[in-house]
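The values are calculated or read from the model by the stated rules, or taken from the named source; none is laboratory data. Note that this is a predicted model, so its numbers are computed, not measured. Every residue, glycine among them, receives a Cβ derived from its backbone with ideal geometry; neighbour counts consider all protein chains shown. For accessibility, only protein heavy atoms count, side chains too; no ligands or nucleic acids. Shrake-Rupley method; radii C 1.70, N 1.55, O 1.52, S 1.80 Å.
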Amino acid sequence: MISNSLLGPLVSAGIIGVGKALPDNAVSNQDIVDMGLDTSDSWITERTGIKNRYIADENTSSVDLATIAAKRALEDAGIEVDSLDGIIVSTTTPDYSMFPSAACLLQSRLGARNIFALDVSAACTGFNYALSTGSQFVRTGQMKTVLVVAVDCLSKFVDWTDRSVCPLFGDGAGAVIVSEVKEGYGVLTIDLSSDGRYGDILKVQAGGSRQPMTQDSFDNKDHLIQMAGRAVFKTAVSKLVPSIRSVLEKYELSVEDIGTFVFHQANIRIIEFVKEKLGIADEQLYTNIHKYGNTSSASIPIVLDDKKSSFKDGELVMLIGFGAGFAWGVNIVKWGGRL
Ligand code: UT7
């Protein structure tokens with residue numbers, strides 16, 4: 001009989017520690033106006049809900065932020081790095097465009113040894129994909145403890161003269177420790193989806209195998225984010241409403257059963273639209289987009305970190321990600337249950 005085989009009993013896998021990291025440099029809407037862009041604090045606030053974001057300086061990379069967030073999550077969980085069996089990093093802005101992976105760099109920076117390290121690329125939905133992947137390793141008993149980090153520094157890939165894109169994004173990292181929890185707690189559901197037909201509405205054209213970087217690509221700014229904002233907005237709301245409804249239906253839950261809805265913080269109007277459609281109450285929603293802007297896949301774990309001290313034991317927390325790909329995903333986590 002092989003011990004630790006895939007046929008062993010399933011365990012409940014949940015979040016036992018959370019941390020976040022933001023760059024030092026706060027940039028307000030007025031700072032963006034002062035850069036000379038034809039915009040205003042009121043336009044950005046009303047159309048997006050964003051008042052402030054943090055921007056990494058030229059010496060700060062995604063792995064720098066990931067390292068701080070990971071150490072804070074380990075501390076929050078009260079465990080040492082030696083307890084980790086694996087690291088999953090969700091990012092579209094790794095330190096190097098191809099390899100080594102951000103997860104391998106993070107493993108080295110943390111001083112973890114000989115453990116599984118994997119990057120996940122699912123843009124703003126990356127945390128849902130990474131948490132879903134990590135929690136299944138724990139659930140099947142293949143790993144006891146997995147670090148899941150979501151980090152993005154999109155500010156390094158926006159055109160700072162394009163008012164329709166640059167005010168939206170901020171940099172940041174959020175990390176969680178996934179480990180066994182009491183039966184019935186933890187990650188209860190995994191519902192991930194994608195529709196690549198919408199790939200063109202949010203894309204970085206150059207730097208991949210389709211169009212490797214050339215001087216022309218650089219001069220055309222093809223290495224920077226191109227976004228059809230209105231199309232992204234419409235696609236997001238059209239996918240999210242039915243998808244949240246179907247998750248609730250599938251698990252025989254109602255909107256009222258969810259303690260807190262944690263949306264990817266892309267635009268307050270997207271969140272408000274879905275809230276109205278589904279009849280989510282004010283007290284079931286927590287947003288922090290005004291403080292950090294859209295930090296891509298880091299936004300959900302950053303919300304978790306801001307909110308962690310007020311979640312109740314056993315509260316159902318719904319994590320809703322969406323973004324480039326087009327990809328979207330919903331997880332329900334029963335909070336607490338630490339063994
Ligand atoms: O993680 C996913 C990432 N992406 C998103 O979540 C983006 C989702 N989309 C959005 O958040 C919104 O579509 C935006 C905030 C990007 C734009 O808001 P909108 O209400 O859809 O505006 P719009 O694109 O329809 O543009 C309306 C007007 C345009 O001017 P004209 O053509 O009507 O004269 C834009 O040029 O607003 C103009 N505009 C601005 N004006 C002042 C666009 N950006 C700005 C700006 N300041 N920063």
Label point distance in nm, LYS234-PHE99, each placed 7 Å from Cα along Cα→Cβ: 4.1 nm
For the pair GLU272 and ARG197, how long in nm is the line joining their label points, each one 7 Å along Cα→Cβ? 3.1 nm
Putting +1 on Lys and Arg Cβ atoms and -1 on Asp and Glu Cβ atoms, find which of LEU319, ALA73, PRO167 reaches farthest to the positive end of the dipole of the chain. LEU319
Full-extension gain in nm, GLU315 to ASN52, via 0.36 nm per residue minus C-alpha separation: 91.7 nm
For segment 53-83 versus segment 206-241, the gap between their alpha-carbon centres in whole angstrom: 28 Å
Which of the peptides 42-48, 206-212, 177-183 is most tightly packed, and how do the rest follow, going by the mean number of other Cβ atoms within 10 Å of each residue? 177-183, 42-48, 206-212
Given VAL181, CYS124, ALA26, which one lies farthest toward the positive end of the charge dipole of the chain, if we put +1 on the Cβ of every Lys and Arg and -1 on the Cβ of every Asp and Glu? VAL181
Too long for a 19 Å Cα-Cα cut-off, among LYS71/LYS334; LYS234/LYS277; LYS144/LYS182, are LYS71/LYS334
Be a star and scan segment 176-206 for residues whose amide nitrogen sits under 15 Å from the point 7 Å along the Cα-to-Cβ vector of ASN220. 203-206
Just how much of PHE116 is accessible, in Å², when a 1.4 Å probe is used and the result is rounded to the nearest 10? 60 Å²
Checking rank on 11-18, 166-173, 75-82, with mean other Cβ inside 10 Å and highest first, the result is 166-173, 11-18, 75-82
Heavy-atom SASA rank of LYS20, LYS250 (probe 1.4 Å, accessible area, largest first): LYS250, LYS20
Counting only heavy atoms of protein chains, what accessible area per residue, in Å², does segment 4-183 have with a probe of 1.4 Å? 43 Å²
The simple spin-label model distance between ASP24 and LEU285, using points 7 Å out along Cα→Cβ, in nm, is 3.6 nm
For segment 195-339, dividing by residue count, accessible area per residue (probe 1.4 Å) in Å² works out to 45 Å²
Find, among the GluC sites (Glu not before Pro) in segment 223-307, those assigned to loop by DSSP (not H, G, I, E, B) with at most 15 other beta-carbon atoms within 10 angstrom. GLU252
Taking the chain and counting helices only, DSSP H stretches of n ≥ 4 at -39,500 (n - 2.57) each over all residues, the nearest-500 ellipticity at 222 nm comes to -9000 deg cm²/dmol
